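Chemist: Take this structure, written in structure tokens, and hold onto it; I'll ask about it next.
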Amino acid sequence: MRKSTIISLSFLIALNGLISVCYLLVKEAHEYASPHAFWLLFIIPITSFLFHWRRLNLQADVKIPMLVSSWKSPMAQLNRHWIFALRMLAFFFLIVVLARPQSSSSTENLTREGIDIVLAMDLSFSMLSQDFSPNRLESSKETAIQFVDERPDDRIGVVVYEGESFTQVPLTTDHVVVKNGIASLKTGMVEGGTAIGMGLATAVNRLKDSQAKSKIIVLLTDGVNNAGQIQPQDAAQLASLFDIRVYTVGVGTIGKAKTPVTMQNGQYVYDWRDVEIDEDILKLIAEKTGGRYFRATSEEKLGSIYKEIDQLEKTRFNVFQINRKTENFKYYLVCAIGFLLLEFIVRHLLIRSTT
């Protein structure tokens, strides 16, 4: 095999290898609207074979010494190969253009179906009972703060009650304010007693004008309704009217608990007393409003109750995804035109100067 033939064949193999690498690179770089256009790439190796075959035939058939000399001129041969290479590269990039390379981008519009939550907490004297560590009130405050931390996307408010009720923190997304409000709670903030109906009614009043998709109250108490002008049944009916679910939580062990009975010299005096929680009325409130009743007999149980409520009232999200496609063929069209211009220059300027 002649040296020129080996050089020609090596050149064409290198050219096809280069185009294969370019194909792999551009294929991974984009999505393509018409990927079937890449089947046209098979024309390149076929054309390379025909180019090489035609060159061999010309060398064998041409008899005129002057023409053979011209054909065998090393520079002329090199220029012809470069012309072919530039033409094939232009053809490759035109195929990429036909495949319509695209880049995609997407944006998400995230909206939440907000939940408004009011924590209605009993601050009556019995909440200092020591069947929880250190007492029912402190344990309830701690678990309520943990619950707030688990609800970063919701508006939360706090209502407290003893013999009367009031709003400690209005509905807000500022959970630092909510947690600070809970942490500052203590007994004796209003007149003594346990006004469950008043506490629930105040919580309903905070939620009745809410536009949230879901409105809930977590009502916590350790006793029996014995104060206030509103009965718990009536407050439950009011909550149902405004489509508010109420989860009721009875806090206290089964049997007796060490409970403060009086105060002497600025300190509480404790005695063992029966734990009395009106579970029937708490169950009725939950049933009327579509909620549930829970009994917390320990701080661990109280924590698990708040976690269960958290699972029952998950915030729902609506995600709208918008996909955009950007056509990127123009870059490859410029490359194709550039190689065609180079081929024109080599053909009409360089090859004339060497033949």
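Bear in mind these aren't lab numbers, they're just calculated from the coordinates by the rules spelled out. No experiment lies behind these values; they were computed from the predicted model shown. Cβ atoms come from the backbone with ideal geometry, glycine included; neighbour counts cover every protein chain shown.
Chemist: Too long at a 19 Å Cα-Cα cut-off: which of LYS179/LYS307; LYS213/LYS314; LYS215/LYS307; LYS283/LYS314; LYS215/LYS288?
Modeler: LYS283/LYS314
Chemist: So for each of 174-181, 94-101 I average, over its residues, the number of other beta carbons within 10 Å; can you give me the resulting order with the highest mean first?
Modeler: Descending mean neighbour count gives 94-101, 174-181.
Chemist: Return the loop-located chymotrypsin sites (Phe, Trp or Tyr not before Pro) in segment 193-276 (DSSP other than H, G, I, E, B) with at most 15 other Cβ atoms within 10 Å of their own Cβ; answer none if there are none.
Modeler: Answer by residue number: PHE242.
Chemist: Where does each of 10-17, 21-28 land if you order them by average Cβ count within 10 Å, highest first?
Modeler: Top of the packing list down: 10-17, 21-28.
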